[in-house]
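Engineer: One structure is given below, represented as structure tokens, and several questions about it will come after.
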Amino acid sequence: MSLRLARPSDAPILAAISIEVWLGTYIRQGVNAFFAEFALNEFTAPKLTAILEDPSEHVIVSENKDGLDGFIRITHGKVAPVTGCSTLEISTLYVQPRHHGRGLGRALLEQGLLYAKSVDAPSVWLTTNSENIPAIAFYLKQGFEMVGTTHFRIDDQAYLNDVFRRIVAR
């Protein structure tokens, strides 16, 4: 495993990883048209290219001998849905499921926290689906604290999410 900054040429790969992880994590009973359309419209190479070219975004990828297997995306200037958080959000931390348990998520998170420290962020925050027990356990183990709840919205549907914060050591 090696970690590096993402490049615009990584966009199609990041889109594919995003679709794989998002569907695998949140769609457990079968894919319906509503969720298929969301995933296919949200996780596209052009949208990921725009993120990678945006100066308020910082994306680090994990790469093995065959290609990318995970990434962390940190976004500047995002107002948290609860008080007491900085404006530095961990927008995405995705690792392909077949690579879980090998330390990739922890390594990506550590790099993200080092980045947060380098930009003098007092803390970082993130949201995760309230039913995503493995992610919640991971973030708690990594020193995050739950500080509130919010909803992730797709059209008129709302899904409960927990908000987590971690203080960045100076």
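The values are calculated or read from the model by the stated rules, or taken from the named source; none is laboratory data. From a predicted model like this one, the values you see are computed outputs, not experimental measurements. Neighbour counts are summed over all protein chains in view; Cβ atoms, including those assigned to glycine, are modelled from backbone coordinates with ideal geometry. Calculation scope for accessible area: heavy atoms of the full protein, side chains included, ligands and nucleic acids excluded. Shrake-Rupley method; radii C 1.70, N 1.55, O 1.52, S 1.80 Å.
Engineer: Go through region 96-105 residue by residue and tally those that are over 21 Å from Arg166 (Cβ atoms), without any contact (Cβ under 8 Å) to a residue 60 or more places away in the chain, part of a helix (DSSP H, G or I) and not basic (Lys, Arg). Don't jump to the end; show me each part of the working.
Structural biologist: Keep residues of region 96-105 that are over 21 Å from Arg166 (Cβ atoms), which gives 96-99, 101-102.
When the remaining residues are screened for being without any contact (Cβ under 8 Å) to a residue 60 or more places away in the chain, the result is 98-99, 101.
From the residues that got through so far, the ones that are part of a helix (DSSP H, G or I) too are 98-99.
From what is left, the residues that are not basic (Lys, Arg) are 99.
The total comes to 1.
Engineer: Are any of the residues in region 129-137 in contact with an Asp or Glu (Cβ under 9 Å, 6 or more places away or on another chain), open to solvent by less than 60 Å² (accessible area, probe 1.4 Å), within 27 Å of Ser9 (Cα to Cα) and without any contact (Cβ under 8 Å) to a residue 60 or more places away in the chain?
Structural biologist: No, region 129-137 contains no residue that is in contact with an Asp or Glu (Cβ under 9 Å, 6 or more places away or on another chain), open to solvent by less than 60 Å² (accessible area, probe 1.4 Å), within 27 Å of Ser9 (Cα to Cα) and without any contact (Cβ under 8 Å) to a residue 60 or more places away in the chain.
Engineer: Tell me which residues, restricted to region 22-38, are open to solvent by 70 Å² or more (accessible area, probe 1.4 Å) and of a type in the set (A, V, I, L, M).
Structural biologist: Scanning region 22-38 gives a single hit, Val31.
So that you can scan it fast, the table gives a plain yes or no per residue for (1) at pLDDT 95 or above; (2) at negative phi; (3) not aliphatic (A, V, I, L, M):
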site: Ser91; (1), (2), (3): yes, yes, yes
site: Val95; (1), (2), (3): yes, yes, no
site: Arg102; (1), (2), (3): no, yes, yes
site: Tyr115; (1), (2), (3): yes, yes, yes
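Engineer: May I ask you to verify whether Gly148 is on the phi > 0 side of the Ramachandran plot and not in a loop (DSSP other than H, G, I, E, B)?
Structural biologist: yes
Engineer: If a residue must be within 21 Å of Ile27 (Cα to Cα) and either in a loop (DSSP other than H, G, I, E, B) or of a type in the set (S, T, N, Q) (or both), how many such residues does region 106-145 contain?
Structural biologist: Going through region 106-145 one residue at a time, the tally reaches 6.
Engineer: Of all residues in region 1-36, which are under 18 Å from Glu131 (Cα atoms), of a type in the set (A, V, I, L, M, F, W, C) and over 16 Å from the mean Cα position of the chain (by Cα)?
Structural biologist: Ile27, Val31, Phe35, listed by residue number.
Engineer: Something else about it: Taking the condition at pLDDT 95 or above, hydroxyl-bearing (Ser, Thr, Tyr), in contact with a Lys or Arg (Cβ under 6 Å, 6 or more places away or on another chain) and in a strand (DSSP E or B), does Thr75 pass?
Structural biologist: On the way: at pLDDT 95 or above: yes; hydroxyl-bearing (Ser, Thr, Tyr): yes; in contact with a Lys or Arg (Cβ under 6 Å, 6 or more places away or on another chain): no; in a strand (DSSP E or B): yes.
So Thr75 does not fit the description; no.
Engineer: Report yes if some residue within region 56-69 is open to solvent by 30 Å² or more (accessible area, probe 1.4 Å) and either of a type in the set (Gly, Ala, Ser) or assigned to a helix (DSSP H, G or I) (or both); otherwise report no.
Structural biologist: The answer is yes, given that some residue of region 56-69 is open to solvent by 30 Å² or more (accessible area, probe 1.4 Å) and either of a type in the set (Gly, Ala, Ser) or assigned to a helix (DSSP H, G or I) (or both).
Engineer: Sticking with this one: Checking Thr87 against (1) over 25 Å from Ala116 (Cα atoms); (2) open to solvent by 50 Å² or more (accessible area, probe 1.4 Å); (3) polar (S, T, N, Q), which single condition isn't satisfied?
Structural biologist: Condition not satisfied by Thr87: (1).
Engineer: Anything in region 154-165 that is open to solvent by less than 70 Å² (accessible area, probe 1.4 Å) and out of contact with any helix residue (DSSP H, G or I) (no Cβ under 7 Å at 6 or more places or on another chain)? List them, or say none.
Structural biologist: Ala158, Tyr159, Asn161, Val163, Arg165
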